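Undergrad: Mind having a look at this structure? Questions to follow.
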Amino acid sequence: MAKNTMNLSIRVILAFLTGWLGVTAYSARADESDWVWSSTAMLRQSRMAPRALLVDLPGNIKGVMVIGGITNEKFPSFITGSELYYPRQKESFWSPGPILRTRRPGNTATVLARTSDPKKGRVLVAGGTGSEADGNLTSLDSCELLNPKDNNATLTGPSMKVRRTNHVAVELNDGTVLVVGGERWDKSNPPLKNPEMLRSSEVYDPKTNAWDLNAKSLLNQPRTRAAAVLLTKPPYQGWVLVVGGIEAIVTHTNPDDTISFSAPATTRCDLYDPIHKTWQSAGRLRYPRVFHTLTVLADGKVLAAGGQDQFGGDNETISRSYEIYNPEKNSWICPYDTDRKKHLRHQRSGHAATLLKHSNKVLLVGGDGYTSEIYDPVKDASTFTRDTLWYPRAFPTATLLDDENGTVVVTGGLSNVCEKYEPPSASRFLKGGVARPAVPLNVPQGAGKGPEGGRNNGDSQE
C-alpha cells in the first residue's frame with residue numbers, strides 16, 4: 001500500500017459527505033483493455049462524489065441519472081439537483097433532472113427495478129445529512145422518490161425508522177430495498193467526534209410505501225461506510241453481502257487542544273438472509289478496507305478491490321490489493337498472499353468499478369489520478385488500459401450503458417467533464433464534449449510494493 005498522495009482536505013470532504021443508442025457494434029471477442037477514453041457531453045455542474053444510476057428516460061431510452069454530490073469550489077456546497085444523460089451516436093447531452101427537496105450528502109440512491117409496483121423505475125434516495133436550525137449537522141430519516149421520466153421528486157411518506165448517514169442500500173430480488181448500518185449524528189453525537197455507529201437494518205417496500213425495522217436481528221458489529229452487493233449464485237443466492245467499512249471513530253486531543261480523528265477499517269463481513277430476515281457472519285477479509293469497491297463476477301464470486309486501511313489519521317494508506325469471495329466456501333482469498341505479482345496496477349481508494357458487458361472483466365477507474373485498469377477473473381490478473389483518463393477522478397461514478405458495445409460513462413471527480421470508455425472505432429470527439437488536454441498533469445505511475453506493505457513511492461509494477 002502506498003502513502004495517500006491526494007490532498008487530505010479534499011479526501012476528507014468527499015468521504016465525509018460522501019433504442020436511441022445508435023453506436024456501431026463492437027466485437028465481443030475484442031480485448032476491452034484496448035478500448036479508449038473519449039470525451040462526451042459535459043455535466044451542467046461540476047460534481048464530486050455524486051450518485052449515478054442507469055435509468056429509464058422519456059421515450060423508452062436508457063440513460064444515466066446523476067444525483068447530488070458537492071461542488072468543486074473553495075467553499076464546497078451540497079447539490080440538490082440531478083442531471084439526466086441522453087446517449088446518442090452524434091450528440092449526447094445532459095438535461096436537468098428532478099431536484100431533491102433536501103440537501104442530503106451521505107445518502108443512498110437505489111433504482112426500484114424489480115418491483116411490480118407502479119413506482120418501478122423510480123429512484124429511492126434515503127437518509128443522509130441535513131442541518132438543524134442552529135446549524136448543527138443531523139442525520140436524516142426522510143426519503144425521496146425521484147422519477148426520471150417526469151422530473152418529479154416526492155417524499156416517500158413514512159420515513160425510515162432510524163436516522164442514517166453513510167449507510168448502504170441494496171435492492172432485493174423481491175423488489176424491496178434493504179438499508180444497512182451507517183452513522184447517526186445530532187447535537188450530542190457530532191460527526192467525526194462521537195457519532196453513533198449503527199448495527200440496525202430496515203427494509204422499504206414500494207408496494208406498501210412503508211419501512212420495516214429488523215428488530216430481531218442486528219449486524220454483529222456497528223458498521224458505516226461499508227460496501228454491499230446482492231449475491232447471484234447458490235448457496236447464498238439473493239442474500240446480501242456487506243463488506244468492510246468502519247466500526248468506530250477514535251478521537252485524539254492534540255497538543256494545541258484541537259481534536260483530530262482516525263477510524264480504522266475493518267475486515268468484518270456479514271450476510272443477510274432475506275427470507276428469515278436474519279444476519280450472520282461471513283468470512284473475513286484478509287486486509288481491512290474502507291472506500292473500496294465490490295463487484296459481483298459472472299461466476300457469482302465477488303471482487304473486493306482497493307480501499308484504504310483507515311479514514312483519517314497520519315498513517316492513512318491506500319491499497320493495491322484485491323480479494324475474491326467464494327460463496328461456496330464463505331471465505332476470501334487474496335492472490336498476493338501466494339503470488340507477489342497478483343495485485344492491482346495502481347493503488348486505489350474512492351474509485352469506481354463496473355463489470356464490462358462482453359468479457360465479464362472489471363473496469364476500475366480513478367480514485368487518485370488518471371489511471372484505469374481491467375481485472376480479468378479468468379487470468380486472475382489486472383492490467384492498465386491502453387489509454388489514461390482525460391482528467392483525474394476522485395470518488396467518480398462509472399455506469400454501464402445499455403448499448404451493443406457495453407460503453408461505460410464516467411462522471412464526477414474534479415470537473416464537469418465526462419468520459420466514455422469505448423471501442424477505438426467509435427468517435428473520440430463528440431459534439432458537446434471537449435478536446436483532450438495536451439499533457440495530463442501528475443499522471444500516477446503506480447506506487448508501492450505489495451498490496452499493503454510499502455509506503456514508498458516507487459514505480460514497481462511487479
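Undergrad: Would you be able to say whether some residue in region 337-344 is surrounded by fewer than 21 Cβ atoms within 10 Å (Cβ to Cβ) and within 30 Å of THR251 (Cα to Cα)?
TA: No: region 337-344 contains no residue that is surrounded by fewer than 21 Cβ atoms within 10 Å (Cβ to Cβ) and within 30 Å of THR251 (Cα to Cα).
Undergrad: Additional query: For region 233-263, how many residues are assigned to a strand (DSSP E or B) and at pLDDT 95 or above?
TA: The qualifying residues number 5.
Undergrad: Still on this structure, I have one more. Among the charged types (D, E, K, R), touching a strand residue (DSSP E or B) at 6+ places or on another chain (Cβ under 7 Å) and crowded, with 24+ Cβ neighbours inside 10 Å - does that describe any residue in region 278-294?
TA: Scanning region 278-294 turns up at least one residue that is among the charged types (D, E, K, R), touching a strand residue (DSSP E or B) at 6+ places or on another chain (Cβ under 7 Å) and crowded, with 24+ Cβ neighbours inside 10 Å.
Undergrad: Could you figure out which of (1) surrounded by fewer than 16 Cβ atoms within 10 Å (Cβ to Cβ); (2) within 21 Å of the chain's Cα centre (by Cα) isn't true of LEU241?
TA: Answer for LEU241: the failing condition is (1).
Undergrad: Here is a further query. Can you pull out every residue in region 374-424 that is crowded, with 22+ Cβ neighbours inside 10 Å, out of contact with any Gly (no Cβ under 8 Å at 6 or more places or on another chain) and of a type in the set (D, E, K, R)?
TA: Within region 374-424, GLU419, LYS420, GLU422 meet the criteria.
Undergrad: Could you grab me the full set of residues in region 351-384 that are at pLDDT 95 or above, touching a helix residue (DSSP H, G or I) at 6+ places or on another chain (Cβ under 7 Å) and part of a loop (DSSP other than H, G, I, E, B)?
TA: LEU356, LYS361, ASP380
Undergrad: List the strands (runs of 3 or more DSSP E) inside region 285-343, counting only whole elements, that have at least 2 residues being not hydrophobic (A, V, I, L, M, F, W, C).
TA: The strands (runs of 3 or more DSSP E) meeting that bar are 293-296, 310-312, 322-326.
Undergrad: Further question on the same structure: For region 42-56, which positions are at pLDDT below 95 and either surrounded by 21 or more Cβ atoms within 10 Å (Cβ to Cβ) or among the hydroxyl-bearing types (Ser, Thr, Tyr) (or both)?
TA: Correct list: SER46, ARG47, MET48, ALA49, PRO50.
Undergrad: Go through (1) within 30 Å of VAL409 (Cβ to Cβ); (2) out of contact with any strand residue (DSSP E or B) (no Cβ under 6 Å at 6 or more places or on another chain); (3) buried (at least 20 other Cβ atoms within 10 Å of the Cβ) and name the single condition GLY300 misses.
TA: With respect to (1) within 30 Å of VAL409 (Cβ to Cβ); (2) out of contact with any strand residue (DSSP E or B) (no Cβ under 6 Å at 6 or more places or on another chain); (3) buried (at least 20 other Cβ atoms within 10 Å of the Cβ), GLY300 is out only on (3).
Undergrad: Also: Those residues that are surrounded by fewer than 20 Cβ atoms within 10 Å (Cβ to Cβ) and among the small types (Gly, Ala, Ser), I need them from region 116-129; list them, please.
TA: SER116, GLY121
Undergrad: Now for a different question. When you scan region 362-379, how many residues do you find that are more than 14 Å from THR293 (Cβ to Cβ) and of a type in the set (D, E, K, R)?
TA: 2
Undergrad: Within region 357-391, can you find the residues that are farther than 20 Å from ASN416 by Cα, touching a strand residue (DSSP E or B) at 6+ places or on another chain (Cβ under 7 Å) and small (Gly, Ala, Ser)?
TA: Selection gives SER382 alone.
Undergrad: Of everything in region 63-101 that's hydroxyl-bearing (Ser, Thr, Tyr) and assigned to a strand (DSSP E or B), which residue is nearest to the chain's Cα centre (by Cα)?
TA: SER82
Undergrad: Follow-up. Looking at region 205-219 only, could you name the residues that are surrounded by 15 or more Cβ atoms within 10 Å (Cβ to Cβ) and in a loop (DSSP other than H, G, I, E, B)?
TA: PRO206, ASN214, SER217, LEU218, LEU219
The values are calculated or read from the model by the stated rules, or taken from the named source; none is laboratory data. From a predicted model like this one, the values you see are computed outputs, not experimental measurements. Cβ sites come from the backbone with ideal geometry, for glycine too, and all protein chains shown count toward neighbours.
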